[in-house]
Amino acid sequence: MPAPLPSEKALVPFVSVENMMRLVHHIGIETMLVELADVIEADFRRWELFDKTPRVASHSREGVIELMPTSDGEIYSFKYVNGHPKNSGQGLQTVTALGLLAEVSTGYPVLLTEMTLLTALRTAATSAMAARHLAPKGARTMAIIGNGAQAEFQALAMKGVVGTDHVRLYDIDPLATEKVARNLSGLGLTVTACPSSQAAIEGAQIITTCTADKQYATILTDNMVGAGIHINAIGGDCPGKTELHRDILLRADTFVEYPPQTRIEGEIQQMDADYPVTELWKVVSGEAEGRRDAGRITLFDSVGFAIEDFSALRYVRDRLEGTRFYQELDVIADPDDPRDLFGMLQRAR
């Protein structure tokens, strides 16, 4: 007797890396970044509806493996993600990820997708969304310190969402800077490769730090940062890793995603427990002030949070409708009689 065909509920849409790339180009990279920023902002406006918990992390000397779950009461999501800085020296990605979206009402998955590319996109979109609220008005020039896998996404997100048109680059590896300059060629940005981090931030209104080394580091010192700057610190993402001198934080108005997580993993892990921070969702929803005046230093101490991944997964699911950029995988055992799982197995002989 032939095995029964999978039911509709058993088939879960799966977006492979190949199909994610096809979807991004179908939408347009910059368009997708702008749309993602809007979806993330919309979920920040309803922040209080979500389950929130620091990500579940397994740390080692080599890096970290994490699970990032959340739910708005109707949809559940989680992301599996790693961060292994030494991987790039072995020809491997520093960050890889996959994600899942499920119905809360049944617990059944409704989307499974790669999230290495999608995490890069949502991280950049979140940075730009934050800068829309915190950066100086009319910011046109950004500096990127650390020119790895995230840099191009950051540059294009700031261009699309904030309106920057000049990006200044520095990395301790000149080949990384050459890579970013090459990839951004012809995409509407003036790109300047700089010989030092000090040179890169000259004339910049937005500074993004996104280095990968898992250690306490000082990418920016206090004397380098002038009045009115917005700092987008996205490289600090685990205990024992920072990029900014603590004196910068003493001068800055600091904004975070979820304080219990950021105090463990972000730049503010250097500071006392009572160091004041503002949750970004409160700025987005109008409950708190963002940039108080043109002379203030604002810092988005971003470590990434599960709600941003939820937003990205929800966006992809909606954008898949009417396309062929996914496969249907037979993932869920769903017998006609839910009490007869064993019988379904036996009939598959």
Subject >> Cβ charges +1 (Lys, Arg) and -1 (Asp, Glu), total dipole of the stretch 136-304, debye >> reply: 460 debye
**OP:** Mind counting lysine pairs for me in the chain? Cα separation below 16 Å, and the two need to be 8 or more apart along the chain or on different chains.
**Re:** 6
**OP:** May I ask what percent, to the nearest 5, of DSSP beta bridges between residues of the chain are antiparallel?
**Re:** 45 percent
Original post:
Which angle from 0 to 90°, rounded to the nearest 10, does the C-alpha axis of helix 151-161 make with the longest principal axis of the chain?
Top reply: 90 degrees
Original post:
Nearest 10 degrees, 0 to 90: what angle lies between the long axis of helix 174-184 and the longest principal axis of the chain (Cα atoms)?
Top reply: 70 degrees
**OP:** State, to one decimal in nm², a quarter of the convex hull surface area for the C-alpha atoms of the stretch 89-175, i.e. the direction-averaged projected area.
**Re:** 8.0 nm²
**OP:** Write down the Kirkwood hydrodynamic radius of the stretch 249-315, to one decimal in angstroms, obtained as one divided by the mean of 1/r over all alpha carbon pairs.
**Re:** 12.8 Å
Subject >> Label-to-label distance, nm, for residues given as Leu345 and Ser196 (7 Å Cα→Cβ offset) >> reply: 6.7 nm
Subject >> the stretch 146-238, relative contact order [Cα under 8 Å, separation at least 6], % >> reply: 28 percent
Original post:
Reported to two decimal places, what Rg/Rh ratio describes the stretch 147-204 when computed on Cα atoms with Rh from the Kirkwood expression?
Top reply: 0.93
Original post:
Ratio of the stretch 10-138's C-alpha Rg to 2.2 N^0.38 Å, to two decimals?
Top reply: 1.15
Original post:
Given a Förster distance of 56 angstrom, what is the FRET efficiency for Leu175 paired with Asp336, based on the Cβ-Cβ distance and rounded to 0.05?
Top reply: 0.45
Original post:
Under 5 Å between amide H atoms, partner at least 5 residues away or on a different chain: which partners does Ala97 have, H built in plane at 1.01 Å?
Top reply: Met115, Thr116
Original post:
Taking Cα atoms, how many degrees apart are the long axis of helix 116-134 and the longest axis of the chain, rounded to 10 and kept between 0 and 90?
Top reply: 40 degrees
Original post:
So for the chain, what percent of the C-alpha to C-alpha distances run longer than 39 Å?
Top reply: 16 percent
Subject >> Calculated FRET value between Asp51 and Gln93, using beta carbons and R₀ = 25 Å, to 0.05 >> reply: 0.30
**OP:** At most 11 other Cβ atoms within 10 Å and a DSSP loop assignment: could you name the trypsin sites (Lys or Arg not before Pro) in the stretch 67-137 that fit?
**Re:** Lys137
Original post:
In deg cm²/dmol, rounded to 500, what helix-only [θ] at 222 nm does the chain give when every DSSP H run of at least 4 residues adds -39500 (n - 2.57) and the total is split over its residues?
Top reply: -9500 deg cm²/dmol
Original post:
In what sequence, highest mean first, do 259-272, 317-330 appear when ranked by Cβ atoms within 10 angstrom?
Top reply: 259-272, 317-330
Subject >> Equivalent ellipsoid semi-axes, the stretch 136-304, via Cα gyration tensor eigenvalues times 5, rooted, Å >> reply: 25, 18, 14
Original post:
For Leu329 and His26, what does the FRET efficiency come to when R0 = 22 Å and r is the distance between their Cβ atoms, rounded to the nearest 0.05?
Top reply: 0.55
**OP:** Lys and Arg at +1, Asp and Glu at -1: add these up for the other residues within a Cβ distance under 13 Å of Ala312 and post the number.
**Re:** -3
**OP:** Arrange the peptides 152-163, 23-34 so that the one whose residues have, on average, the most other Cβ atoms within 10 Å appears first.
**Re:** 152-163, 23-34
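Since every read-out is calculated from the coordinates, none of them should be taken as a lab result. None of these values were measured; they are calculated from a predicted model. Counting neighbours? That spans all protein chains shown, and the Cβs are built from the backbone with ideal geometry, glycine included.
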